[in-house]
Amino acid sequence: MAKKTLNVGLIGYNFMGKAHSNAWRQAPRFFDLPADVRLHTICGRTAKSVEAARQNLGWENASSDWKSVVADPDIDIVDICTPNDSHCEIAIEAAKQGKAILCEKPLAMTVAQGEQMVEAVKKAKVVNMVCHNYRRIPAIALAKAMIERGDLGDRIYHYRARYAQDWIADPNFPLVWRLQSKIAGSGTHGDIDAHIIDLGRYLVGEIKEVCGLMETFIKERPLLEETGAGLGAKGTKKMGKVTVDDAVSWIGRFKNGAIANLEATRFAQGRKNHITLEINGSKGSLYFDFEDMNRLKFYNAEDPADTRGFRDILVTESTQPYAGAWWPPGHILGYEHTFVNTFADFVKAVSGGKSVHPTFADGLMNEKVLDAVSRSAKSRSWEKVA
């Protein structure tokens, strides 16, 4: 029997649009999927730019009207890669049209928006997923399996995570949309802290309460040239106000009693995409560094005392999560593979009619943690996660 073909409509075409396009194209080539994937339509606000993206990224059609893409009866999946302020509207409309939905993180601008999105996909009974691609790093998936089978013991004590970048450390870098609260919602907090919050919930459990601080180091920046975007954006001589956070640090407590300690910043000179995690349990510890993403370090306190130490696990064996779909052992994977692994799981979910983690409900829980940290930074006190 011929496989069903799932037609994808991608809304957004810049950095994430490129990552997603590659993932849609590659997933059926490396994974044995129950359906084929067709790059049907790519959509963006500027007709000329989206047509160039269509040609470059391999899509069949281009559109500058997202509503027409969502309403197209040929489209099975709507993939949302737009700035954060449009996630909610597009997702709700896609749910009404009965489409499966993949949405970039953070899910929404606010908890209220997230609740509306969750209600919409529940009511429509459509498959949904938030693209937290770091869950599909083979080392992270292996860490999850090790924790669940008790390799760290029956109790987790600590979850420590840091996500550090430096791309806005230059005060002359212009006021791109990620630095404007009306479009982004928040800054470093929603952009990259959201990732390590999601990983904490995935690996350790739900978060109960938090205490945080947030800081904006550069209060004003040059306004963006009309044609500028991304890391190569250029500024004008006029200045505008930065309305989001540059850095966030917080501590917290998981419902299972584990302690959380997280930091996210875009002002760490020399750090480009630095994600580190350490989890300490009653029998052992795990350590992960994204800049060495094919390795997971494991300490087993039950090893003989004279040989005890962190074990270096190269996560490229076919028996390890996702690695078997790719290259022979020792042939390392990269950033783009995390999206391919994610999209392969999503295609399986759509074909089976059942959502796979992280769902919109997960995205809403992440939003509730983000909100609690923001409230704590303002109140300068502990806040419960709603």
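Some points to look at:
- Each residue in region 143-190 was checked for being assigned to a helix (DSSP H, G or I) and open to solvent by 20 Å² or more (accessible area, probe 1.4 Å), and 9 of them qualify.
- Extreme residue, farthest from the chain's Cα centre (by Cα), among residues of region 111-123 that are open to solvent by 40 Å² or more (accessible area, probe 1.4 Å) and in contact (Cβ under 8 Å) with a residue 24 or more places away in the chain: 123
- The residues listed here are 49, 21; of these, the one that is surrounded by fewer than 19 Cβ atoms within 10 Å (Cβ to Cβ), free of Cβ contacts under 8 Å to residues at least 60 places away in the same chain and under 25 Å from residue 89 (Cα atoms) is 49.
- Listed by first and then second residue, the pairs linking a residue in region 358-385 that is under 15 Å from residue 211 (Cα atoms) to a residue that is open to solvent by less than 10 Å² (accessible area, probe 1.4 Å) and of a type in the set (Gly, Ala, Ser), with Cβ atoms under 7 Å apart and 6 or more places separating them unless they lie on different chains, are 370/190; 370/194; 382/376; 383/372; 383/376; 384/372; 385/372.
- Flag for residue 334 being more than 23 Å from residue 374 (Cα to Cα) and at pLDDT 95 or above: yes
- Residues of region 191-208 satisfying the condition of being open to solvent by less than 10 Å² (accessible area, probe 1.4 Å) and in contact with a Pro (Cβ under 9 Å, 6 or more places away or on another chain): 194, 198
- Pairs linking a residue in region 317-333 that is on the phi > 0 side of the Ramachandran plot to a residue that is modelled with pLDDT of 95 or more and open to solvent by 30 Å² or more (accessible area, probe 1.4 Å), with Cβ atoms under 7 Å and 6 or more positions apart or on different chains, are 330/314.
- Subset of region 76-94 (residues that are over 23 Å from residue 109 (Cα atoms) and surrounded by 23 or more Cβ atoms within 10 Å (Cβ to Cβ)): none
- Summed over region 89-117, the residues that are in a loop (DSSP other than H, G, I, E, B) and not hydrophobic (A, V, I, L, M, F, W, C) give a count of 6.
- Hits in region 349-386 - residues which are β-branched (Val, Ile, Thr) and not in a helix (DSSP H, G or I): 356, 359, 385
- Annotation note: of 135, 160, the sole residue that is under 30 Å from residue 303 (Cβ atoms), touching a strand residue (DSSP E or B) at 6+ places or on another chain (Cβ under 9 Å) and in contact (Cβ under 8 Å) with a residue 12 or more places away in the chain is 160.
- Qualifying residue in region 65-75 (condition: under 16 Å from residue 14 (Cβ atoms) and without any contact (Cβ under 8 Å) to a residue 40 or more places away in the chain): no
- Subset of region 1-42 [under 18 Å from residue 66 (Cβ atoms) and more than 21 Å from the chain's Cα centre (by Cα)]: 7, 39, 40, 41
- Residue 366 satisfies every condition listed in (1) more than 22 Å from residue 79 (Cα to Cα); (2) under 22 Å from the mean Cα position of the chain (by Cα); (3) open to solvent by less than 30 Å² (accessible area, probe 1.4 Å); (4) not β-branched (Val, Ile, Thr) except (1).
The values are calculated or read from the model by the stated rules, or taken from the named source; none is laboratory data. Since the structure is predicted, the reported quantities are computational estimates derived from the model, not experimental observations. Don't worry about glycine lacking a Cβ; one is built from the backbone with ideal geometry, like all the others, and counts go over all protein chains shown. All accessible areas refer to the heavy atoms of the entire protein, side chains included, with ligands and DNA or RNA removed. Shrake-Rupley method; radii C 1.70, N 1.55, O 1.52, S 1.80 Å.
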